[in-house]
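Step one of this worksheet: look at the structure below.
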Amino acid sequence: MIHIALLGFGTVGAGVYETLKINEALITERAAQHIKVTHILDRNTFEGTEIADLVTSDYEEILADTSISIVIEMLGGVEPAYEFSKRALLCGKSVITSNKAVVAQYGAELLKIAVEQKVNYLFEASVGGGIPLIRPLVEVMLADEIIEITGILNGTTNFILSQIAEYGKSFAEALKLAQDLGYAEADPTADVDAHDTCRKIAILASLVSKKNVDFEAIKTTGIRMITPEDLAIAHACSYTLKLIGTAKMSAAGISASAQPAIMPLGHPLANVGDVFNAVLVRGNISGDILFYGSGAGKMQTASSVVNDIISSIRKPNFATNYAWSQEPALMVDMQDTASRFFLIFDITAQPLAQRLLTTHFDGGSTHVLEPIFAHRIAFTTSALCPADLEQILKVLALENLSLVSKYPML
């Protein structure tokens, strides 16, 4: 019998407990051992419920119990989650987590400790919710060199952008609906300012490169500035707009970003709507592989956590396959990375906009818009570095051609 402790009994913690009960026979068969929750760390006593006798507010009690071999950390935030995880590993207990903030910031260190202690530190649920993504990258795509990971990694922002695109809602209206439906937190900063997406792409890039990708070095831009008009114009030009996390691996280093990006309507990620996530992984041998599913949700995330519990029981010292070095990854400055851009200009004060654009840009395409957008013009550039683009935009501004919106293109 395997004894486990749950740290936190919020949405995900309750989902893990329910999953272990609902699929008890199946999980026991697949783990080849019965899994028993013996402790739940939480401030709430849950008096009068079936878990009341399992609840403790004393973490030392869990650390001291040598019968507990796996600790499930679902506290959220960096502290005390990081400290609790580290101490559990040092005590010889495996740790399973859904906490992307801790994995992104301290993953390399905690994996190193896990390897030294011959236990596991697993975190499938930290990226993609219920989508099996991390394990395929580590255990399945062994013949490939992963050269790019690009995806929609945040269900909240994807829902918001879907509402703006499909129903013309403002950002504020779409956010309010997401909060009312429970998709967005009361403080949505981590989601809408792309911090969540940034941490997730940092984790994936670290796993693939085997070096530590600092999430603070990743170019990060949120979605607050996106308007219904931006999305309507993009759609009129046969494009759509999504919040994208991307990491490209090359001999020069890793170029990574978490920002809104324009893509053709035929792109594999273009029709991913609502709260769903999708991640496109490109291998040098297998080509593009798409992972799709619910990126959040109580039972979906719980499923990934329980999968990790079973894997940890089956392979007690498997952390070596996940571990990446604490050595910083070489990052490519996005200012030095050429990209195509989708630009929207206000042409109210400049009737010769199209001629100016073709004069100042080497290549690119002007999009003729419908009469309802008579005051706007859209332009897709050829590949150029952000610094070069800014110089051109300064010149155009002096000629009364004002930039309204600017987005990189996939």
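Is there a residue in segment 190-212 that is in a loop (DSSP other than H, G, I, E, B) and touching a helix residue (DSSP H, G or I) at 6+ places or on another chain (Cβ under 6 Å)? No, segment 190-212 contains no residue that is in a loop (DSSP other than H, G, I, E, B) and touching a helix residue (DSSP H, G or I) at 6+ places or on another chain (Cβ under 6 Å).
Screening 330, 265 for residues that are among the aliphatic types (A, V, I, L, M), farther than 30 Å from residue 160 by Cβ, over 17 Å from the mean Cα position of the chain (by Cα) and surrounded by fewer than 19 Cβ atoms within 10 Å (Cβ to Cβ) leaves exactly one candidate, 330. Inside segment 269-289, residues that are surrounded by fewer than 15 Cβ atoms within 10 Å (Cβ to Cβ), closer than 17 Å to residue 136 by Cβ and in contact with a strand residue (DSSP E or B) (Cβ under 9 Å, 6 or more places away or on another chain) make up a count of 2. Taken over segment 333-343, the criterion of being exposed (fewer than 14 other Cβ atoms within 10 Å of the Cβ) and within 22 Å of the chain's Cα centre (by Cα) is satisfied by 333 alone. For segment 63-79, the candidate set comprises residues that are free of Cβ contacts under 8 Å to residues at least 60 places away in the same chain and in contact with a helix residue (DSSP H, G or I) (Cβ under 8 Å, 6 or more places away or on another chain); within that set, the residue that is nearest to residue 41 (Cα to Cα) is 63.
Among residues of segment 192-224 being among the hydroxyl-bearing types (Ser, Thr, Tyr) and within 14 Å of the chain's Cα centre (by Cα), the one that is surrounded by the most Cβ atoms within 10 Å (Cβ to Cβ) is 197. For segment 111-168, the tally of residues that are under 30 Å from residue 232 (Cβ atoms), under 12 Å from the mean Cα position of the chain (by Cα), assigned to a helix (DSSP H, G or I) and hydrophobic (A, V, I, L, M, F, W, C) stands at 0. Is there a residue in segment 73-86 that is β-branched (Val, Ile, Thr) and crowded, with 16+ Cβ neighbours inside 10 Å? No, the conditions are met nowhere in segment 73-86. Taking the numbered list (1) free of Cβ contacts under 8 Å to residues at least 12 places away in the same chain; (2) under 30 Å from residue 214 (Cα atoms) in turn, residue 374 passes all entries but (2). Considering segment 37-78, and only residues there that are part of a helix (DSSP H, G or I) and not acidic (Asp, Glu), the residue that is farthest from residue 311 (Cα to Cα) turns out to be 52. Scanning segment 80-109 for residues that are under 20 Å from the mean Cα position of the chain (by Cα) and more than 26 Å from residue 150 (Cα to Cα) returns 81, 82.
Taking the criterion of being crowded, with 24+ Cβ neighbours inside 10 Å and charged (D, E, K, R), the residues of segment 94-131 that qualify are 100, 124.
Taking segment 2-24, which residues are among the aliphatic types (A, V, I, L, M) and either farther than 9 Å from residue 37 by Cβ or without any contact (Cβ under 8 Å) to a residue 60 or more places away in the chain (or both)? Residues satisfying the conditions are 2, 7, 12, 14, 22.
Candidates 346, 362: the one that is without any contact (Cβ under 8 Å) to a residue 40 or more places away in the chain and either crowded, with 17+ Cβ neighbours inside 10 Å or of a type in the set (Asp, Glu) (or both) is 362.
Considering every residue within segment 337-350, establish whether at least one is under 20 Å from residue 200 (Cα atoms), outside any helix (DSSP H, G or I), hydroxyl-bearing (Ser, Thr, Tyr) and modelled with pLDDT under 95. Checking segment 337-350: not a single residue is under 20 Å from residue 200 (Cα atoms), outside any helix (DSSP H, G or I), hydroxyl-bearing (Ser, Thr, Tyr) and modelled with pLDDT under 95. Summed over segment 314-327, the residues that are surrounded by fewer than 18 Cβ atoms within 10 Å (Cβ to Cβ) and either touching a Gly at 6+ places or on another chain (Cβ under 8 Å) or among the basic types (Lys, Arg) (or both) give a count of 2. The set of residues from segment 116-131 being in contact (Cβ under 8 Å) with a residue 12 or more places away in the chain and out of contact with any helix residue (DSSP H, G or I) (no Cβ under 7 Å at 6 or more places or on another chain) comprises 118, 128, 131. Every condition in (1) assigned to a loop (DSSP other than H, G, I, E, B); (2) crowded, with 17+ Cβ neighbours inside 10 Å; (3) of a type in the set (Gly, Ala, Ser) holds for residue 311 except the one numbered (1).
The values are calculated or read from the model by the stated rules, or taken from the named source; none is laboratory data. This is a predicted model, so every value here is computed, not measured. Heads up, the Cβs are rebuilt from the backbone with ideal geometry, glycines too, and the neighbour counts pull from every protein chain shown.
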